[in-house]
Amino acid sequence: MTRLIVISNRVSPPDGEGKSNQGGLAVALSSALRETNGIWFGWSGNEIDEFTGQINLSRADGVTTATIDLEAQDVEEYYNGFANRTLWPLFHDRTDLAEFERGFAGGYARVNDRFAETLLPLIAPDDDIWVHDYHLIPLGRELRQRGVRNRTAFFLHTPWPVLRLLIALPSHRQLVETLFAYDLIGFQCQTWLDSFLHYVREQFPEAVVDEQGTIAIDGRQVRVIACPIGIDAQEFKASAASAEAEEARRALLGTLDGRKLIMGVDRLDYSKGLEQRFNGYERLLLDHPDYQEGVSLLQIAPPSREDVVSYQDIRKQLEALSGHINGEFATAFWVPLRYVNRGYDRTSLAGMYRAASVGLVTPLRDGMNLVAKEYVAAQDPADPGVLVLSRFAGAAEQMAAALLVNPFSPEELSDALGQALRMPLEERKARWHALMESVERQDVRWWLRRFLDALHGKAIEPVMMPAASPPNGGDRGAESRPAPAARFVAQND
Ligand code: ADP
Ligand code: F6P
């Protein structure tokens, strides 16, 4: 297999410890790189006084990592600035939070230039180059300008925003133009791909887009695909059934006094809809007092991007809201909401997912959302829990057998929670079978193979989309037979 060079902002060695392992990108690439004997290049996470371009090489488990340190100003302008104060909010429909500062754009360009310059000597003529995520959009063009002719691809892990939002970015055309340096661009789902093509057609009328999704522009051919990332489903399933996970499951259940557990696991990010989720839970307790003392919500949310003010703000808001909900409903014997700001190792997490009757995954916008897939993979087939999933997560396109909700509506959240908590075993099994089928089949290996096949110009199978819509968004009569995925339809718009 051709050697693969993966470039992402963060680099996390397989099985590495620490915060960086909590991100979906890091988790997925750890699995993917194991198979390709490749190099993973990126920022070490360290700051130095002056950029040296020195590469720190290390090798573990078949993967070579090559990292560089960045200056404090780089981190401020590129990572905290353009990546996380400009692009992240813009790509998640939060133009109100997006900050447009020339200094950020300058730092972003400088760091992409530094990445290209430092990476260049590591590239051999036959390598495939695969750049990841919004931090590094212009890297492909930087490499081309230095004479790199290799097959070069880009994958975006976040949503692609609609045209009317993206044009709020002062340099939007220049940024998108750099993408045309790649041979292949991948998006998490069809919705983000459609947004991108819409933008290209409107802003670059000279571009010709054919039916296969290849863009001809400036004498180049750029293939664009939807390629949803998956998880290592087999590994996660096995880990959820392990003795260690079972211990975590029992320990958690032991704290519940027979109450049903609703669980959310997210980085502490405003895009994850935690405030709206808490409001939906409050609505459930208000509208259905019979659930009071009968359920418990566990929200695990390790802090993220703590130097960025909007993240400090959401943290404060959630502290206040969780305190308010507990103050309103808690009794001497029951705490309705446990809000936990720390991470857990993956095996404990798998056991905890398995303890939860409901997996509550309700981002306001999310490129994919791997937690939804992990929750499904962790379930006990004989007694699976119910996934309540936002329509606005990329995952909704593949996971139509979940209870799909509008995360902005407390009433819809409350209704879906009620439906999930009451759902009979046969319907839970039917939905879970449909979900698990796609989580297992379209796993991280499928994603990797499909993306690299596309990069090598091969035809790729379509992402299997459910075909026909059941009445009322779900088949509540399918109680005695497993539901094929085709009976549940995503309504992600
Ligand atoms: P994002 O990439 O925006 O962080 P995803 O849902 O796609 O969101 O991926 C999050 C990943 O981080 C999942 O693999 C999840 O298991 C992991 N993760 C999130 N929170 C925790 C936590 N508290 N402890 C351990 N892992 C976590
Ligand atoms: O999935 C989106 C993403 O930004 C990844 O690129 C990243 O690894 C993860 O979220 C966590 O974010 P950060 O690296 O900023 O902590």
R0 of 30 Å, Cβ-Cβ distance residue 194-residue 2: FRET efficiency to nearest 0.05 = 0.50
Separation of the residue 306 and residue 441 label points, Cα + 7 Å toward Cβ, nm = 4.4 nm
So how far apart, in nm, are the two label points at residue 56 and residue 335 if each is 7 Å from Cα heading toward Cβ?
-> 3.7 nm
Antiparallel as a % of all DSSP beta bridges within region 4-226, to the nearest 5?
-> 30 percent
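Rounded to the nearest percent, how much of the accessible area of region 4-226 (1.4 Å probe, protein heavy atoms only) is carbon and sulfur? The partial results should precede the final answer.
Values: 4010 of 8730 Å².
The value for region 4-226 is 46 percent carbon and sulfur by accessible area.
Excluding ligands, DNA and RNA, what is the solvent-accessible area per residue of region 4-226 at a probe of 1.4 Å, expressed in Å²? Mind showing how you got there, number by number?
Values: 8730 Å² over 223 residues.
Result: 39 Å² per residue.
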How far, in nm, would the chain grow between residue 117 and residue 313 when pulled straight, counting 0.36 nm per residue and subtracting the alpha carbon separation?
-> 66.9 nm
Label-point gap, in nm, between residue 275 and residue 221 - each point 7 angstrom along Cα→Cβ | 4.8 nm
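For Cα pairs less than 8 Å apart in space and 6+ apart in sequence, what is the mean separation divided by the residue count of the chain, i.e. the relative contact order in percent?
Working: 980 pairs, mean separation 63.9, N = 493.
It rounds to 13 percent for the chain.
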May I ask for the distance between the Cα centers of region 259-277 and region 68-125, given as a whole number of Å?
-> 28 Å
In whole angstrom, the spacing between the Cα centers of region 192-220 and region 364-400 equals 31 Å
Quick one: length gained pulling residue 328 to residue 164 fully straight, 0.36 nm per residue minus the C-alpha distance?
-> 55.0 nm
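The values are calculated or read from the model by the stated rules, or taken from the named source; none is laboratory data. These figures come from a predicted structure and were not determined experimentally. Ideal geometry is used to build each Cβ from the backbone, glycine not excepted, and the neighbour counts take in all protein chains shown. Accessible surface is based on the protein model in full, side chains and every heavy atom, while ligands, DNA and RNA are left aside. Shrake-Rupley method; radii C 1.70, N 1.55, O 1.52, S 1.80 Å.
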